[in-house]
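Chemist: What follows is a single structure, and I will ask about it in a moment.
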Amino acid sequence: MTVDPNAATQGFPSPGPVRRRSHPARYLVPALAAAAVAVGLGAYGKVHDPAGTAFNIAGFSSTGAVKSWLATTAFFLALVQVVSAFMVYGRLPGPGWAPALHRWSGRIAFLVAVPVAVHCLYALGYQTYESRVLWHSLLGCFFFGAFSAKMLLLRSERLPGWLLPIIGGLVFAVLTAIWLTSALWFFRTFGVTT
């Protein structure tokens with residue numbers, strides 16, 4: 001009996017493409033990094049002796065005004081991030097440069113937010129004297145932890161399609177809460193000043 005090596009196999013389904021499932025442990029590193037960043041910032045802010053002020057920019061009436069305007073700029077750029085993410089994922093029509101807009105608005109938002117965070121940590125520390133300030137401190141630490149996790153996950157392969165939008169949405173929601181407990185509060189309390 002001769003066997004044709006090219007003949008179709010009877011009775012066995014073709015194996016199809018091999019799909020590897022990502023192991024949940026691969027998300028452990030970004031999660032641990034996020035926790036380390038958040039806890040590290042909170043611990044530093046708590047044990048650090050607040051200096052009272054860290055910077056001021058000519059043309060602004062106070063450090064609070066500088067921080068509020070920088071935070072508002074970061075928040076506006078985060079809104080651009082959300083809209084451009086909807087374009088990138090095909091949920092909104094958008095130009096071919098939507099991915100570049102998404103990347104660059106995120107980079108600039110981060111660069112604008114860092115001086116605000118540095119000032120908060122160095123000049124004020126981790127404060128808990130009223131609920132608004134407590135939430136602001138907690139959310140500020142959480143934001144940079146979640147942002148760190150998002151950045152680590154961006155370079156991962158075979159991510160579930162839902163993961164980055166969820167993490168990005170979480171980062172945006174936390175940044176919104178931070179803005180509400182700081183810049184908006186400042187503008188409502190002291191007026192929209194420079």
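No lab work stands behind these numbers, since they all come straight from the coordinates. No experiment lies behind these values; they were computed from the predicted model shown. Don't worry about glycine lacking a Cβ; one is built from the backbone with ideal geometry, like all the others, and counts go over all protein chains shown.
Chemist: Quote the FRET efficiency, to the nearest 0.05, computed for residue 23 versus residue 123 with a Förster distance R0 of 41 Å and r equal to the Cβ-Cβ distance. Display every interim value, and only then the final one.
Modeler: Numbers: r = 43 Å, r/R0 = 1.05.
Result of the calculation: an efficiency of 0.45.
Chemist: Further, regarding this structure: Can you pull the percent of Cα pairs in the stretch 22-180 with separation above 24 Å? Intermediate values should be presented prior to the final figure.
Modeler: Numbers: 4869 of 12561 pairs.
Tail of P(r) above 24 Å: 39 percent of Cα pairs.
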